[in-house]
């Protein structure tokens with residue numbers, strides 16, 4: 001029986017786009033566990049720009065990040081049903097970005 005790692009919630013809080021959220025930290029070699037996803041979250045196509053989310057994803061803020069010479073928008077979402085934290089990267093230069101699981105609240 002394999003144990004699935006969970007994100008570690010830091011005690012520090014930060015202000016993110018008007019919403020207070022705990023910072024989630026994962027090791028760079030450990031992908032977030034996805035065994036807790038609700039059916040709607042499990043159906044989201046990952047790493048594909050313009051793939052739709054689902055109605056229970058609530059936006060929690062956005063930020064700009066540099067990707068080479070291009071600035072992209074990354075929007076944070078949280079599923080109200082299962083608590084999964086998602087980032088959606090909108091990068092017009094790269095079709096293979098989009099939805100990625102960050103962790104769980």
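The values are calculated or read from the model by the stated rules, or taken from the named source; none is laboratory data. Model, not experiment: these values are computed from the prediction. Don't worry about glycine lacking a Cβ; one is built from the backbone with ideal geometry, like all the others, and counts go over all protein chains shown.
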Test: residue in segment 18-36 that is assigned to a loop (DSSP other than H, G, I, E, B), at pLDDT below 90, touching a strand residue (DSSP E or B) at 6+ places or on another chain (Cβ under 7 Å) and surrounded by fewer than 13 Cβ atoms within 10 Å (Cβ to Cβ)
yes
Out of 11, 6, sole residue that is touching a strand residue (DSSP E or B) at 6+ places or on another chain (Cβ under 9 Å), at pLDDT below 90 and in a strand (DSSP E or B):
11
Residue 53 fails exactly one of the following numbered conditions: (1) at pLDDT below 95; (2) crowded, with 17+ Cβ neighbours inside 10 Å; (3) part of a strand (DSSP E or B). What is the number of that condition?
(3)
